[in-house]
Amino acid sequence: MKAHPQDFIPTMQTEVAKTDQITFMNQVGAIFGYLSSACLAQMEDPLKAREQSIAIRENTLNNLPFLLEEFERNAVQNGIEVLWAADAAEACSIIKDLVVKHDVHLITKGKSMISEEIDLNHYLQEELGVKIFEGDLGELIVQMRGIPPFHIVGPAINLNVQQIAQTLVDNIGMEYTENAGEIAGHVRNFLRQQFAGADMGITGVNVAIASTGSIVLAENEGNIRWSTSAPRVHVAIMSLEKVAANLTDGLHILEMQSRSCTGQGITSYVSVLSGPRDEGERDGPEKMYVVILDNGRSQIYQDTFLRQALKCIRCGRCGTACPIYLTAGAYPYGWCYPGPMGTILSPLLLGLDDTYHVYEACTLCGGCESVCPAGIKHVELIHRYRAMKAEGDKNFKATKNPALERNAFKGWATAVKNPVLFRNSVNMIRYFLGSRQEGYASSLPGPLKSWSDHRDLPVAEKTFHRYWAELQNNMESARREAAAQLDKKGGLDNE
Amino acid sequence: MKISLFIPCAVDALLGDVGMDTVYLLSSLGFEVVYHEQQTCCGQPAISAGYLDLARDIAKRFIEIFENDEVIVSPSGSCVNTIKNDYAKILQDEPDWQQRALTLGERVFEVSQYLVDQAGIEDVNASFGGRIAYHKSCHLLRALGIDEQPQKLLAKVKGAEVVALNGAEQCCGFGGQFAIKYPLISEAMVRQKTGNFLQTGAQRLIVSDPGCLLNISGYLHRHHPQLKAQHIVSFLAENMNGGVS
């Protein structure tokens, strides 16, 4: 999909008006949160399992160039052709050449974020007019509707059954039904015809295994296995951080991904693919390609602090723990990575200026990092993005924040460092908050108006500072009073 | 035992009553409360907005004011987190200051954390006839790992029935500047939070951070004036000693 995070505000305004969607998504968040926690808790030692997945991802990042070379060497030995793409344009053009070279007319796809990242479907359709069908039920529905995926494993989770049924009536001639089983049956029949006729299958990669030169794919519907085994040619696209040293490491990542995301011990299908069809074999593609995409990741890799963003294993658990995502939905993020996954990845891949609202519209609640199986520290990354934006950053396309904002903060900081100025400022602000009823102000001035458009603001009668001073004075006068009483009494005694 | 009070700027400016309730609660429990009048703000807004150079100066000033105190207590998990965790990060290029931040951080506590973990107090001799629900403030829960402490204090309030709150650990939508910059998302979030509270049938929603209190009580006052959100120190102070306030 075309990235458009600049449209965050208008898109968000549309989305937050959908109160039913917000209610529904909060239920989804609660259910997935429960399933995931329960599924992780079933592990022999959940904490150790998480530490292990973090260690695996760190090991990958610490040895990334070597692991990628090892993967390439072994994959080539397995008969896989490995192609490197510096950016989205190069990846698209490589795949276009493969489509032409192999005389491909029909492509089926395994749902992959990476092909959304490079906007491959549109590119191939526009450039070559080739037919492409997504193989995942949800992804096929959003493809037909021409909308972006709403969730990494539930692309159509925000659509109701009527919308889904109508989409299928309009696009594949299904007879209208709201029966989920019948809908799935229709789609299955439709897709099987496509798989049978497809010349090329295009998939992503969940994990690439360096020591064996294999790629691993996880799914629940079986469509990816179709796309990787029925067509003549299989093209797998991976971003370069997806490699693991060996199968044990790779499968642990896969397990954590599955437990965290859908709350399954492991997905229904796991395919370990180590090359095209051998001579004499009946199944599998004649040719297999792996396209390794950089698209800005080597630059992230070079910064040892920012590098942790590449630990992400795309489970999507952060999304169902993110109140912003559950409220504003996926669309405002304006790219293939919704929720905190996008908050972490999009600014570094697209630049900090264009993605400003993606990392700014965050309460820093830490919900995401508390459930992240890769141990990404979202809050400190977001702090860093904001600091890079405040100061300006050439590498990640951040122009310095406007002088107006900087100066406002400078003025504020001056007051914070000067108690007298600070007290005066506090009193002035309290004055400008306007009239209060029952201890609440309900019509705030200037930029604070957006607060009182939606809620009141409690304003205590006095500042704490004043209360404290009065308490000290009271204690002082009480002491004096007591002392005076004592004097008086003493005086009487003396009489 | 002498306790130095760290009063966050939001409490000073808008929630002075919460500050006084903290003084009352701690004094009633036998602590001597001191308050450094030159304290202002911990600098969290600058850290959140990315102005780290400004935040560093503010952090150093804060450290100088408080570092001679034995124990520092605050009615805000969010601001305590700034001192305890963020200061050392923003001062990492100045090892001396970073060390001072870390040394100070060890002695700074959120009030329920101090009472339960340090002072061993769970029962403050409060009683309340009614149902209450507890909202788990984000920075308290996830940044400081404080979960049981406030709940232990509430559980010991005689007569109070603590009822479960759906999505108790989900952010209320405050987020400092966030509430001003993204009012529509913020409102939808606090609507969700108060909606869950309404479902509990409880009279009061107890929170532990001034930010959550501003947001939730402000929303309740506008839309559900019969219901009330209250800071845990205010709830305890109000209902201590059989309800003397």
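Mind listing just one residue for me: the one in the range A:226-248 that is part of a loop (DSSP other than H, G, I, E, B) and of a type in the set (Gly, Ala, Ser) and, of those, surrounded by the most Cβ atoms within 10 Å (Cβ to Cβ)?
Out of the qualifying residues, it is A:Ala230.
Are any residues in the range A:150-160 under 12 Å from the mean Cα position of the chain (by Cα) and modelled with pLDDT of 90 or more, and if so, which ones?
A:Phe150, A:His151
Counting just the residues of the range B:195-216 that are polar (S, T, N, Q) and over 13 Å from B:Gly173 (Cβ atoms), which one comes out nearest to the other protein chains (Cβ to nearest Cβ)?
B:Gln199
Would you call A:Thr414 in contact (Cβ under 8 Å) with a residue 40 or more places away in the chain, touching a helix residue (DSSP H, G or I) at 6+ places or on another chain (Cβ under 8 Å) and among the hydroxyl-bearing types (Ser, Thr, Tyr)?
no
When you scan the range B:227-236, do you find a residue that is touching a helix residue (DSSP H, G or I) at 6+ places or on another chain (Cβ under 6 Å), farther than 19 Å from B:Ala155 by Cβ and part of a helix (DSSP H, G or I), even just one?
Among the residues of the range B:227-236, not one is touching a helix residue (DSSP H, G or I) at 6+ places or on another chain (Cβ under 6 Å), farther than 19 Å from B:Ala155 by Cβ and part of a helix (DSSP H, G or I), which makes the answer no.
Looking at B:Ile121, B:Ile146, which is the one that is more than 14 Å from chain A (Cβ to nearest Cβ) and assigned to a loop (DSSP other than H, G, I, E, B)?
Going through B:Ile121, B:Ile146 in turn, the sole match is B:Ile121.
Part of a strand (DSSP E or B) and within 23 Å of B:Val80 (Cβ to Cβ) - does that describe any residue in the range B:183-206?
yes
How about the range A:443-473: which of its residues are buried (at least 17 other Cβ atoms within 10 Å of the Cβ), more than 7 Å from every other protein chain (Cβ to nearest Cβ) and among the small types (Gly, Ala, Ser)?
Correct list: A:Ser452 only.
Taking the range A:29-54, which residues are touching a His at 6+ places or on another chain (Cβ under 8 Å) and not small (Gly, Ala, Ser)?
A:Gln52
Within the range B:168-189, can you find the residues that are facing chain A (nearest Cβ under 7 Å), of a type in the set (A, V, I, L, M) and closer than 17 Å to B:Leu213 by Cβ?
Listed by number, the residues that qualify are B:Ala179, B:Ile180, B:Met189.
Regarding B:Ile7, is this residue in contact (Cβ under 8 Å) with a residue 24 or more places away in the chain and either more than 9 Å from chain A (Cβ to nearest Cβ) or charged (D, E, K, R) (or both)?
When the stated conditions are applied, B:Ile7 does not pass them.
Give the residue, chosen from A:Ala390, A:Ala374, that is aliphatic (A, V, I, L, M), more than 27 Å from B:Ser217 (Cβ to Cβ), within 11 Å of chain B (Cβ to nearest Cβ) and touching a residue at least 12 places away in the same chain (Cβ under 8 Å).
It is A:Ala390.
Return the residues of the range B:38-59 that are facing chain A (nearest Cβ under 7 Å) and in a helix (DSSP H, G or I); say none if nothing qualifies.
Matches in the range B:38-59: B:Ala46, B:Ile47, B:Ser48, B:Ala49, B:Leu52, B:Leu54, B:Asp57, B:Ile58.
So, in the range A:244-291, of the ones that are of a type in the set (Val, Ile, Thr) and more than 21 Å from the chain's Cα centre (by Cα), which residue ends up nearest to A:Ile157 (Cα to Cα)?
A:Ile266
Count, please, the residues in the range B:137-166 that happen to be within 16 Å of B:Asn215 (Cβ to Cβ) and either polar (S, T, N, Q) or surrounded by fewer than 21 Cβ atoms within 10 Å (Cβ to Cβ) (or both).
Final tally of qualifying residues: 1.
Checking the condition more than 28 Å from A:Tyr289 (Cα to Cα) and surrounded by 15 or more Cβ atoms within 10 Å (Cβ to Cβ), which residue from A:His151, A:His186 passes?
Selected residue: A:His186, the only one of A:His151, A:His186 that is more than 28 Å from A:Tyr289 (Cα to Cα) and surrounded by 15 or more Cβ atoms within 10 Å (Cβ to Cβ).
Whether any residue in the range B:10-19 is part of a loop (DSSP other than H, G, I, E, B), touching a Pro at 6+ places or on another chain (Cβ under 8 Å) and at the interface with another protein chain (Cβ under 8 Å from one of its Cβ atoms) is what I want to check.
Checked against the condition, which is being part of a loop (DSSP other than H, G, I, E, B), touching a Pro at 6+ places or on another chain (Cβ under 8 Å) and at the interface with another protein chain (Cβ under 8 Å from one of its Cβ atoms), the range B:10-19 yields at least one hit.
Please verify whether the range B:199-215 includes one or more residues that are touching a Cys at 6+ places or on another chain (Cβ under 6 Å) and not small (Gly, Ala, Ser).
Checking the range B:199-215: at least one residue is touching a Cys at 6+ places or on another chain (Cβ under 6 Å) and not small (Gly, Ala, Ser).
Please state which of the following conditions A:Val420 fails to meet, knowing it meets all the rest: (1) more than 7 Å from chain B (Cβ to nearest Cβ); (2) in contact with a Gly (Cβ under 6 Å, 6 or more places away or on another chain).
In the conditions (1) more than 7 Å from chain B (Cβ to nearest Cβ); (2) in contact with a Gly (Cβ under 6 Å, 6 or more places away or on another chain), A:Val420 misses (2) alone.
Going by the conditions given, is A:Gly351 touching a residue at least 12 places away in the same chain (Cβ under 8 Å), more than 14 Å from every other protein chain (Cβ to nearest Cβ) and closer than 28 Å to A:Thr399 by Cα?
It is true that A:Gly351 is touching a residue at least 12 places away in the same chain (Cβ under 8 Å), more than 14 Å from every other protein chain (Cβ to nearest Cβ) and closer than 28 Å to A:Thr399 by Cα.
Of all residues being farther than 18 Å from B:Asp69 by Cβ and crowded, with 22+ Cβ neighbours inside 10 Å in the range B:21-37, which is farthest from the other protein chains (Cβ to nearest Cβ)? Just the residue, please.
Among them, the one singled out is B:Leu25.
Please tell me if A:Ile114 is β-branched (Val, Ile, Thr), closer than 19 Å to A:Met341 by Cα and crowded, with 16+ Cβ neighbours inside 10 Å.
yes
Please specify each residue of the range A:417-448 satisfying the condition of being in contact with a Pro (Cβ under 9 Å, 6 or more places away or on another chain) and part of a helix (DSSP H, G or I).
The answer is A:Phe432, and nothing else.
Within the range A:423-442, restricting attention to residues that are in contact (Cβ under 8 Å) with a residue 24 or more places away in the chain and within 7 Å of chain B (Cβ to nearest Cβ), which residue is surrounded by the fewest Cβ atoms within 10 Å (Cβ to Cβ)?
A:Arg430
Hey, which of the helices (runs of 4 or more DSSP H) in the range A:249-334, taking only ones fully inside, have at least 1 residues that are in contact with a Leu (Cβ under 7 Å, 6 or more places away or on another chain), more than 30 Å from A:Ala38 (Cβ to Cβ) and not assigned by TED's automatic domain parsing to the domain that holds A:Trp84?
Output list reads A:297-302.
Table: residues versus (1) hydrophobic (A, V, I, L, M, F, W, C); (2) in a loop (DSSP other than H, G, I, E, B); (3) surrounded by 13 or more Cβ atoms within 10 Å (Cβ to Cβ).
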site	(1), (2), (3)
A:Met1	yes, yes, yes
A:Phe8	yes, no, yes
A:Gln21	no, no, yes
A:Ile31	yes, no, no
A:Leu47	yes, no, no
A:Arg57	no, no, yes
A:Glu70	no, no, yes
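Of the conditions (1) away from chain A (no Cβ under 12 Å); (2) surrounded by fewer than 24 Cβ atoms within 10 Å (Cβ to Cβ), B:Val73 clears all except one; give me its number.
If we test B:Val73 against (1) away from chain A (no Cβ under 12 Å); (2) surrounded by fewer than 24 Cβ atoms within 10 Å (Cβ to Cβ), just (2) comes out false.
Do we have B:Asn241 as of a type outside the set (Ser, Thr, Tyr) and over 20 Å from the mean Cα position of the chain (by Cα) here?
yes
The values are calculated or read from the model by the stated rules, or taken from the named source; none is laboratory data. All of these numbers come straight from a predicted model, not from anything done at the bench. Don't worry about glycine lacking a Cβ; one is built from the backbone with ideal geometry, like all the others, and counts go over all protein chains shown.
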